[in-house]
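The structure under discussion appears below in the form of structure tokens.
The values are calculated or read from the model by the stated rules, or taken from the named source; none is laboratory data. None of the values given here were measured: they were computed from a predicted structure. Note: ideal-geometry Cβ built from the backbone for every residue, glycine included; neighbour counts use all protein chains shown. Just so you know, the surface numbers come from the protein's heavy atoms only, side chains and all, with ligands and any DNA or RNA stripped out. Shrake-Rupley method; radii C 1.70, N 1.55, O 1.52, S 1.80 Å.
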Amino acid sequence: MAVRFQYNKTSLNLLNRQLKVRLRALPTLKNKESALRMEVKRARDMATEFDAKVKQQTAALDKFMRLWTEFDANLVTIKHVEMQTKKIAGVKIPIMGEIVFDYAEFSVFNRPKWYLDGISIIEKLAAITIEKQFYLRKMRILDAVRKKTTQKVNLYEKVQIPEYNDSIRKIKRFLEDEENLSKSGQKIMKKRSSEVAV
């Protein structure tokens with residue numbers, strides 16, 4: 001996108017204003033980009049940590065795999081996951097709130113004793129998995145915004161600011177040349193009029 005301009009003072013003033021806007025916005029955009037980069041890394045690390053927790057929990061349950069075939073998975077279902085939003089660097093991201101589980105009725109006396117422990121284990125695994133998904137979603141949202149911010153920083157830094165500076169320089173040179181030509185023309189006219197008068 002080439003900067004369109006005319007060789008006059010109005011265009012020069014307009015370009016100067018546009019340049020000032022970009023120069024003022026650039027440090028803010030750079031700070032936003034670095035903050036988003038840190039938050040993306042933090043979210044990625046947390047998702048990796050929760051992934052490791054899920055693997056650790058499932059590895060601990062492998063010993064009891066024979067028992068899990070007896071367990072009725074329909075006893076515990078997720079009824080509702082409370083979601084809140086939080087702004088990080090001007091971006092709304094989801095934050096996990098409370099998880100509400102729904103329990104099917106069963107007889108404690110007719111089922112094995114470990115069923116209650118199994119329910120709490122399933123609750124823990126579900127909570128860890130859901131929280132991991134929240135961090136992955138947070139990471140994707142923040143990364144997309146970070147990419148857009150990086151593009152804007154690069155656009156300002158590498159394209160628009162140099163183009164505005166170049167255009168301003170061209171207009172100034174043109175106006176200076178025009179002024180010099182005008183002064184030279186006035187001197188010549190003055191000299192000729194003084195020669196004619198003599």
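Applying both filters, DSSP loop and at most 14 other Cβ atoms within 10 Å, to the chymotrypsin sites (Phe, Trp or Tyr not before Pro) of the range 105-198 gives F106, F109, W114. Note on the range 22-145: the C-alpha convex hull projects to 8.8 nm² when averaged across all orientations.
The slack between M83 and T58, meaning 0.36 nm per residue of separation minus the straight C-alpha distance, is 6.4 nm. Dividing the summed -39500 (n - 2.57) terms of all DSSP H runs of n ≥ 4 by the residue count of the chain sets its mean residue ellipticity at 222 nm at -24500 deg cm²/dmol. Here the ratio of the Cα radius of gyration of the range 69-198 to 2.2 N^0.38 Å is 2.67.
Cross-link partners among aspartates and glutamates for K187, C-alpha distance below 13 Å, same-chain residues fewer than 8 apart left out? Within the straight-line limit of under 13 Å, K187 reaches these aspartates and glutamates: E179, E195. Available extension along the chain between S194 and K172 is 4.7 nm, counting 0.36 nm per residue and deducting the alpha carbon span. Each of N16, A47, G90 was placed along the dipole of the chain (beta-carbon charges, centred on the mean Cα), and the one lying farthest toward the positive end is N16. Looking at the range 1-89, the GluC sites (Glu not before Pro) that sit in a DSSP loop and have at most 16 other Cβ atoms within 10 Å of their own Cβ are E70. At most 14 other C-beta atoms within 10 Å and a DSSP loop state: those are the exposed trypsin sites (Lys or Arg not before Pro) I care about. Give me the longest piece of the chain that has none. Between exposed loop sites, the widest span is 5-112. Apolar share of the accessible surface for the chain: 54 percent from carbon plus sulfur atoms, 1.4 Å probe. The residues of the chain expose, per residue, 72 Å² of accessible area to a 1.4 Å probe.
Say R0 is 25 Å: what FRET efficiency, to the nearest 0.05, do K92 and E163 get from their beta-carbon distance?
E(calc), rounded to 0.05, equals 0.15.
Could you pull out every whole DSSP H run in the chain that spans at least 30 Å of Cα extent along its own axis and averages -0.5 or higher on the Kyte-Doolittle scale?
Correct list, ordered by number: 115-154.
Label-to-label distance, L14 versus Q186, with points set 7 angstrom from Cα along the beta-carbon direction: 2.8 nm. Please give the FRET efficiency for T48 paired with V108, using the beta carbon to beta carbon distance and R0 = 41 Å, rounded to the nearest 0.05. E between T48 and V108, to the nearest 0.05, is 0.60.
When the Cα gyration tensor is reduced to axis lengths a ≥ b ≥ c, the ratio a/c is 1.5 or higher for the range 21-86, and with a/b not above b/c it is classed as oblate. Applying 1/(1 + (r/R0)^6) with R0 = 30 Å to the Cβ-Cβ distance of I99 and M38 gives a FRET efficiency near 0.60. Remark: relative contact order (the chain) = 36 percent; criterion is Cα-Cα distance under 8 angstrom and separation of 6 or more residues.
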